[in-house]
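Here the structure comes first, spelled out in structure tokens, and everything after it is commentary.
Here, each number is a calculation from the coordinates, and none is a lab measurement. Computed from a predicted structure; not experimentally measured. As a convention, Cβ positions derive from the backbone with ideal geometry for all residues, glycine included, and neighbour counts pool all protein chains shown.
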Amino acid sequence: MPAPTEPAPPPTISKLSAIEQSKRLAAYTAVDKHILPEHKVIGIGSGSTVPYVVERIVSQGKELNKDRVFIPTGFQSKELIVISNLNLGDVDQFPTIDVTIDGADEVDLELNCIKGGGACHLREKVLAEAAKTFILVADYRKNVDYLGTNFTPGVPIEVVPFAYAKVLQNLHHVLGSPNATLRMAKMKAGPVVSDNGNFIIDAPFSTDIMKDPYTIMARIKMLTGVVEVGLFCHMAQAAYFGNQDGSVTVK
Ligand code: 5RP
């Protein structure tokens, strides 16, 4: 009788850990390249890649970090900064940031990106704008030629709750996103509410529309009730993607 063989691990587990490794690789590489001793004000983005950014910054040592201040893009990054014993600041105290590092949902050939998978894109955009250098970190799945070609449910749009139905109507009938939907919390417990108390709409657009992200971003922003759009056009100076083979793609 043949010896029993070990059952193969469920594919999702090994896949997940490969993706986590890719995120860590991207984050570590970007920190090593862009968070230098002279950088004293650092913006920390949101999402599942950013903890690796903070981990690498912490590994630079207490001596360097004691003279630095870290600005969060939301509740998650604020907690990360506090738990890591780093100095917490706010953008109203530090409207100019040396470097902000953040995750992304998709990044195109020209470093335009979709952000807001975690509903933090308003504060993320403020910190991206405030930064002298804005850097993106992500796993290989986020590296695309054109936005909207990957697995994101669309462009995240933060709206004031009072206006969401009207904004949805405009997206459906005027701006060409018939499948735009209000983002719901898990178990459909109600709409997702951002750190700013607003709702989030996810609006998918055709590839043709997404080939000119700036124009569609500007059109969405003109809708009354829209607070911010998760399209970041020509804001990033570089993007780092961890690959499955252990290499890093830099755009
Ligand atoms: C949150 C964001 C995140 O940075 C983006 O969703 C990427 O997240 P992850 O690193 O988990 O893939 O924009 O609003």
**OP:** Only loop residues by DSSP count here, and only those with at most 13 other Cβ atoms within 10 Å; note down the chymotrypsin sites (Phe, Trp or Tyr not before Pro) in the stretch 146-196 that meet that.
**Re:** 151
Original post:
Which of 200, 185, 222 sits farthest toward the positive end of the charge dipole of the stretch 163-232, with +1 on the Cβ of Lys and Arg and -1 on the Cβ of Asp and Glu?
Top reply: 185
Original post:
When Lys and Arg each count +1 and Asp and Glu each count -1, what net charge do the other residues less than 15 Å away from residue 230, Cβ to Cβ, add up to?
Top reply: -3
Original post:
What residue among 77, 22, 59 has the largest mean-square fluctuation in a Gaussian network model of the chain, using Cα springs under 10 Å?
Top reply: 59
Original post:
Is it possible to state the helix-based mean residue ellipticity at 222 nm for the chain, with each DSSP H run of 4+ residues giving -39500 (n - 2.57), the sum divided by total residues, to the nearest 500 deg cm²/dmol? What is it?
Top reply: -9500 deg cm²/dmol
Original post:
What's the extension gain from residue 146 to residue 238 if we count 0.36 nm per residue and subtract their Cα-Cα distance?
Top reply: 31.5 nm
**OP:** State, as an integer percentage, the relative contact order of the chain based on alpha-carbon contacts under 8 Å between residues 6 or more apart.
**Re:** 22
Original post:
Scattering from the C-alpha atoms of the chain alone, worked out with Debye: what is log10 I(q)/I(0) at q = 0.09 1/Å?
Top reply: -0.41
**OP:** Please state the charge dipole magnitude for the chain, taken about the Cα centre, from unit charges on C-beta atoms (+1 on K and R, -1 on D and E), reported in debye and rounded to the nearest 20.
**Re:** 320
Original post:
Using the 10 angstrom Cβ neighbour count as an exposure proxy, how do 193, 99, 159 rank, fewest first?
Top reply: 193, 99, 159
Subject >> Computed magnitude of the charge dipole of the stretch 43-162 (debye, nearest 20; Cβ of K, R +1, Cβ of D, E -1) >> reply: 300
Original post:
Taking the Cα centre of the stretch 151-251 as origin and charging only Cβ (+1 Lys, Arg; -1 Asp, Glu), how large is the dipole, in debye to the nearest 20?
Top reply: 200
Original post:
Which loop-located trypsin sites (Lys or Arg not before Pro) does the stretch 48-131 contain, where loop means any DSSP state but H, G, I, E or B and the Cβ has at most 10 other Cβ atoms within 10 Å?
Top reply: 66
Original post:
Going by how many other Cβ atoms sit within 10 Å of their own, how do 102, 139, 212 line up, fewest first?
Top reply: 212, 139, 102
**OP:** Compute the distance in nm between two label points, each set 7 Å from the Cα along the Cα-to-Cβ direction, one at residue 160 and one at residue 63.
**Re:** 5.2
**OP:** May I ask you to work out the translational diffusion coefficient for the stretch 103-153 at 10 °C, viscosity 1.306 mPa s, via Stokes-Einstein with Rh from the Kirkwood sum over Cα pairs, reported in whole µm²/s?
**Re:** 140
Subject >> Enclosed volume per residue, in Å³, of the convex hull spanned by Cα atoms of the stretch 128-251 >> reply: 133
Original post:
In percent, how large is the relative contact order of the stretch 67-160, given Cα pairs closer than 8 Å and 6 or more residues apart?
Top reply: 30
**OP:** Using the number of other C-beta atoms within 10 angstrom as an exposure proxy, rank 127, 36, 122 with the fewest first.
**Re:** 36, 122, 127
